[in-house]
1. Would you please name the residue that is farthest from ligand 2 (Cβ to nearest atom), looking only at residues in segment 57-94 that are surrounded by fewer than 17 Cβ atoms within 10 Å (Cβ to Cβ) and of a type in the set (S, T, N, Q)?
2. How many residues does segment 159-173 hold that are surrounded by fewer than 19 Cβ atoms within 10 Å (Cβ to Cβ), in contact (Cβ under 8 Å) with a residue 12 or more places away in the chain and away from ligand 2 (no atom under 16 Å from the Cβ)?
3. Would you call ALA231 in contact with a strand residue (DSSP E or B) (Cβ under 6 Å, 6 or more places away or on another chain) and part of a helix (DSSP H, G or I)?
4. List the number of the failed condition for ILE149; all other conditions in (1) touching a helix residue (DSSP H, G or I) at 6+ places or on another chain (Cβ under 6 Å); (2) within 28 Å of ASP109 (Cβ to Cβ) hold.
5. Return the total of residues in segment 95-112 being more than 22 Å from THR167 (Cα to Cα) and in contact with a Phe, Trp or Tyr (Cβ under 8 Å, 6 or more places away or on another chain).
6. Which pairs do you get when a residue that is farther than 17 Å from LEU207 by Cα, found in segment 238-267, comes within reach of a residue that is of a type in the set (Phe, Trp, Tyr), reach meaning Cβ atoms under 8 angstrom, with the pair 6+ apart or on two chains?
7. Within the bounds of segment 166-176, is there any residue that is more than 27 Å from HIS108 (Cα to Cα), more than 16 Å from ligand 1 (Cβ to nearest atom) and assigned to a loop (DSSP other than H, G, I, E, B)?
8. Modelled with pLDDT under 95 and either in contact with a Pro (Cβ under 9 Å, 6 or more places away or on another chain) or open to solvent by 40 Å² or more (accessible area, probe 1.4 Å) (or both), is that true of GLY178?
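The values are calculated or read from the model by the stated rules, or taken from the named source; none is laboratory data. Note that the structure is predicted; figures quoted are calculated from it, not measured. Note that we place each Cβ from the backbone using ideal geometry, even for glycine, and neighbour counts take in every protein chain shown. To get the accessible areas, we keep the full protein, side chains included, count just its heavy atoms, and leave off ligands, DNA and RNA. Shrake-Rupley method; radii C 1.70, N 1.55, O 1.52, S 1.80 Å.
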Amino acid sequence: MHLGNTIRRGYKLISMTVQEIKNRFRIIGNSPLLDRAIDVARQVAATDLSVLITGESGTGKEVFPQIIHQSSARKHNHYIAVNCGAIPEGTIDSELFGHEKGSFTGAHDTRKGYFEVADGGTIFLDEVGELPLPTQVRLLRVLETGEYIRVGSSKVLKTNVRIVAATNVNMLLLMEKGRFREDLYYRLNTVPLIIPPLRERKEDIPLLFRRFTSDFADKYHMPPIKLTHDAEEMLVNYYWKGNIRQLKNVTEQISVIEKKREIDAKTIATYLPDNSISTLPALFRPSGAGENGIPNELSEKELLYKILFELRKDMIDLKSIVYGFLDKGENAGPVSGGGTRILNKLDTDIHKVETAMQIHPAKHIDVQIQENHAKDAEIGQTLDDKEREIIRTTVEKHHGNKKAAAKELGISERTLFRKIKDE
Ligand SMILES: Nc1ncnc2c1ncn2[C@@H]1O[C@H](COP(=O)(O)OP(=O)(O)OP(=O)(O)O)[C@@H](O)[C@H]1O
Ligand SMILES: [Mg+2]
């Protein structure tokens, strides 16, 4: 049948390897998650299936619809990228499906929509979550039957368009709020393509940085900037909320602003805003900073322990407020029923996380507020023990190779040495 032919024709087109695709589309990175996404794109290209690309803002979603189009049998026909969030609600139907002359004020001529122009080709619907609900109904119809009607017309037209959509928002939440049709979501999401955030492909950060520094050196006719070892480590362990786009912007700023071409950690730190989880003040050790006033690197596990530790402490304080400092424990009369309910919920939530992480600091600290200080020490003790245990087993796993152990723990070798010395 039709789809079978397309697949057969398409299979011949999958001649490009993942590496060739990277070269052609100037994609930097070697992480397995990135390679996997490219491989899915090249395989699905040969079919007419709809693809929904998801991933945080700035992860590099935009190149994928092009990979799919260029590796498909449709590559000699139109490719149209539509930013659904940028078109006013009043005109989006007309843009996508066209309109008849006189169908609304200002419609002086009949106009073809993208679905008509791209017949035989591919339409990329970027920010698809922004589509208004009535447009979603029209889109579902064209996806299911290939049929659509221009605004102001009653004549049914046919088209053969392949849809690739992308979003950086949580579509499940949108559906829950009634802002996105579930039937359309499942129709679009025939093949999900997930683009990983930069923090899950840390190994690509130095590669991307080097590419960007060399691009900006060319652009601004300056020697490329270089990083000290500590600075590179800081870059690799940063949270990168804005992903590759943010890394690119930071690299450009540093390339232009810094006179000295070797950049140290202290300088890098001034370009990294505090939106990173690793810079929440509560998460640092009391000393707060390592050399040069730069925060010590913490592994994700360490961060979680510290968040839990802070949460537990906050809960004890809250209990003091809700029960009153003289209260003798949970069973004594609470000040307010609502407060107790919230406390109990908070308590249960923290407990769930602790259980999931297999730590049990909650065992001793729940009841007597008078003993808060002693209890704090106990929690700290438990967390420190846990940290020591993780460090010991990781170093053992790597047969004493501290460099490898530090890498796995997500901390610098220097931090690891200090922690072992502190034991
Ligand atoms: N692997 C990569 N190699 C080189 N540059 C990349 C890579 N991935 C992304 N970029 C660059 O990062 C920037 C952001 O990518 P892109 O515009 O595709 O993000 P996005 O996922 O569409 O984000 P948003 O959801 O905000 O639209 C672009 O300048 C892009 O060229
Ligand atoms: Mg985008």
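1. THR91
2. Step one: list which residues in segment 159-173 are surrounded by fewer than 19 Cβ atoms within 10 Å (Cβ to Cβ), which gives 160, 168-170, 172-173.
Subsequent filtering for residues that are in contact (Cβ under 8 Å) with a residue 12 or more places away in the chain retains 160, 168-169.
Adding the requirement that they be away from ligand 2 (no atom under 16 Å from the Cβ) leaves 160.
Summing the residues that are surrounded by fewer than 19 Cβ atoms within 10 Å (Cβ to Cβ), in contact (Cβ under 8 Å) with a residue 12 or more places away in the chain and away from ligand 2 (no atom under 16 Å from the Cβ) in segment 159-173 gives 1.
3. Values: in contact with a strand residue (DSSP E or B) (Cβ under 6 Å, 6 or more places away or on another chain): yes; part of a helix (DSSP H, G or I): yes.
Spelling it out, ALA231 is indeed in contact with a strand residue (DSSP E or B) (Cβ under 6 Å, 6 or more places away or on another chain) and part of a helix (DSSP H, G or I).
4. If we test ILE149 against (1) touching a helix residue (DSSP H, G or I) at 6+ places or on another chain (Cβ under 6 Å); (2) within 28 Å of ASP109 (Cβ to Cβ), just (1) comes out false.
5. 1
6. Listed pairs, sorted by first residue: GLN253/TYR271; VAL256/PHE216; VAL256/TYR220.
7. The answer is no; no qualifying residue exists.
8. Working: modelled with pLDDT under 95: no; either in contact with a Pro (Cβ under 9 Å, 6 or more places away or on another chain) or open to solvent by 40 Å² or more (accessible area, probe 1.4 Å) (or both): yes.
So GLY178 does not fit the description; no.
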